[in-house]
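Structure, as structure tokens:
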Amino acid sequence: MDRVISRRALGALCSLAALSRFRGAASSRPAAAASRPPNIVLINLDDLESRSIAEMPNVRTLLIEEGTSFDAFIVPQPGCSPSRASLLRGQYIHNHGVLRSSGDFGGFQRFHDLGREESTVATWLQTAGYRTALVGKYFNHYPGDRDPTYVPPGWDEWRSPTDGLGNANGRGFRNYTLNENGRRVAYGKQQSDYSTDVFARQAEAFVAQAAADEAPFFLYVAPRAPHGPAQPAKRHKDFFADAALSSSPAFDEADTSDKPAWVRAMPPLSAEQIAAVDALRRKRLESLLAVDDLVVRLVERLEHAGELERTYLFFTSDNGFQLGEHRLTSGKGAPYEESIRVPLVVRGPGVPRGATESRLVGMADLAPTIADLAGIAPPAFVDGRSILPLLGEESRSAPWRTALISENFRNSDASGSGAARTRRAEARDDDGDDSATIPSWKALRRAQDVYIEYETGEREFYDLAADPHQLDNTAGTLDGATIVRLSAHLAELAQTAADACRAAEDAAFDDPATIPPMPTIAGPAVDETPRFGKEVALRGSALDAYGAPVPEDRLVWKARLRTDGGD
């Protein structure tokens, strides 16, 4: 839906007071030379599912039409804090250890206590001479047990909420407090206090100051939108009140008999639930309009400062969101496309304009990509890879991965092997959605399909080319050899790191070297007495990614006894 963009003068948007606050806290490092590395701006939204980006005209005009969109960008976990940890560290969640957004195994406290802040994309770039800034959300439950004025390593400029953001207390857009470079600043209910607009002003001020100092900069902007309570700015209230909302074929899925038990347990949506989902979706879209304004303000500020032509802009989200699909009224903990596939748009020098890239890219790729742009090598622990080969002139011929892994753990003791031991009292995350009903799972996402294993032993498989809305779970029709190979590939990705992880991602599924060996046959486990030339069925055993046995009836091979001369 197009709309008229109302722009105020840039001088009013970026006050002298804001500029002076940034100037007073500026880094003491000397400015880089004229041939300095490119600037990097990363805009990371909260719970943005892929289809809503169509209602953001400035994003469409200034980023999508001017850059490259990735339509298979997969998050390592459909949750706020795990995904943000992957963004900052370039790791899958089983390697950085932030498994949830709350509880003993999640949120800011987990990231901090594990020492992960000591090496992030911010520390790498700061060491390389970049001016760095974070404006917006850091992690759920920041600052944890630290002082409210705590600023993590690697950031020259820091503007992050210390309350009401990422927590289920109804705040985050108004009535919140920011830690501004070690000073707590309260914001109230005035129109000027609306958090997305505050972040826009602060981001503009940082760009203006860094440009004046001729310093290369890395700016990470993280608005709350469209995360609940999805409060729009006053100027956008009811903008979508009368808009017609299209529905996915997966909305209120009619037949869930092929789905795992947690989906089958959900009844069809009631009229009241459908109305509530529609109302939430309208509010989410309205909250995104201020982000759309933020984008045009940032682009104009970069252009005004003479920095646009040497700046790379990334636009993405930490995870997606279910809005009635597969009967989930709200949430993002499912292994379905609405939760795990999110937008990624890149604009910058040399990036193809108006292009679409369909190869698999993940959140763990952003940190090494940003490092690559800055001309620095990421640490050895990084799992992801730079996506710059996909943005160059030879991108179509660039070799690339064959699979990614996405994982979801409930708040549980994840130590040891086998299924996660769920602690029911802490199973519910702090987002107030229905993800607490979803068992832990691991998903092998390939270019055209996705294979899912749950801690319950249940499985799903979807051919995304034929069934993009994941209506027909065909796991039950796969032959035993295919199940073993998919499960082995998933198990390998679930336990590897760094170089070994990338090698597992690159494995060719049909390469004989990647096929697991025939499971050990205990005794003459055949359907009948073997005879030369006669086909018999062999039964074996195998373990899935959770260390649980694959059902015996799924592991059957057909074989013929042969002599050296043939059958």
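Ordered by residue, what ³J(HN,Hα) values in Hz, to whole numbers, does the stretch 217-225 give under the Karplus form 6.51 cos²θ - 1.76 cosθ + 1.60, where θ = phi - 60° and Gly and Pro are x?
These are the phi-based 3J(HN,Hα) values: 9, 10, 10, 10, 10, 10, x, 6, 4 Hz.
In the stretch 190-254, what trypsin sites (Lys or Arg not before Pro) fall in a loop by DSSP, with at most 15 other Cβ atoms inside 10 Å?
237
Using only alpha-carbon positions, what ratio does the radius of gyration of the stretch 217-313 give when scaled by 2.2 N^0.38 Å?
Cα Rg divided by the expected 2.2 N^0.38 Å: 1.54.
Could you tell me how far the Cα centroid of the stretch 351-370 sits from the Cα centroid of the stretch 245-270, in Å?
Result: 32 Å between the Cα centres.
Between residue 304 and residue 255, what is the spin-label point distance in nm, taking each point 7 Å from the Cα along the Cα→C-beta axis?
Simple spin-label model gives 5.8 nm for this pair.
Which whole-number percent is the relative contact order of the stretch 260-393 (Cα, under 8 Å, 6+ apart)?
Across the stretch 260-393, relative contact order equals 19 percent.
Translational D (Stokes-Einstein, µm²/s) of the stretch 132-286 at 25 °C and 0.890 mPa s when Rh comes from the Kirkwood sum over C-alpha pairs?
135
Taking a cut-off of 12 Å, what percent of all Cα-Cα pairs in the stretch 172-211 are separated by more than that?
Working: 473 of 780 pairs.
Tail of the P(r) past 12 Å holds 61 percent of the pairs.
Could you put 96, 141 in order of accessible surface area, largest first, with the 1.4 Å probe and the full protein assembly present?
On the way: 96 0, 141 75 Å².
Largest accessible area first, the list is 141, 96.
Give the accessible surface of the stretch 276-332 per residue, rounded to a whole number of Å², with probe radius 1.4 Å and ligands, DNA and RNA excluded.
Accessible surface, normalised per residue, equals 23 Å².
Report, to the nearest whole %, how much of the accessible area of the stretch 212-313 belongs to carbon and sulfur atoms, 1.4 Å probe, protein only.
51
Sort the following peptides by mean Cβ neighbour count (other Cβ atoms within 10 Å, averaged over residues), highest first: 172-185, 35-48. Please list the in-between numbers first.
Working: 172-185: 18.0, 35-48: 21.9.
Listed from highest to lowest mean packing, they are 35-48, 172-185.
Which value in Å does the Kirkwood hydrodynamic radius of the stretch 289-358 take, with 1/r averaged over all unlike C-alpha pairs and then inverted? Don't skip to the end; give the middle numbers.
On the way: mean 1/r = 0.0689 Å⁻¹.
Kirkwood radius, the stretch 289-358: 14.5 Å.
I need the phi-derived Karplus couplings for the stretch 177-186: 6.51 cos²θ - 1.76 cosθ + 1.60, θ = phi - 60°, integer Hz, Gly and Pro marked x.
10, 9, 8, 10, 6, x, 10, 7, 10, 8
List the extent of the Cα atoms of the stretch 87-202 along each of their three principal axes, largest first, rounded to whole Å.
For the stretch 87-202, the Cα spread along each principal axis is 42, 36, 23 Å.
Project the alpha carbons of the stretch 323-403 onto their principal axes and report the range along each, largest first, in whole Å.
Reported extents, whole Å, longest axis first: 45, 33, 23.
The values are calculated or read from the model by the stated rules, or taken from the named source; none is laboratory data. As the structure is a prediction and not an experimental result, all values here were calculated from the model. Cβ coordinates were reconstructed from backbone atoms using ideal geometry, including for glycine residues, and neighbour counts include every protein chain displayed. Surface accessibility is based on the protein's heavy atoms, side chains included, excluding ligands, DNA and RNA. Shrake-Rupley method; radii C 1.70, N 1.55, O 1.52, S 1.80 Å.
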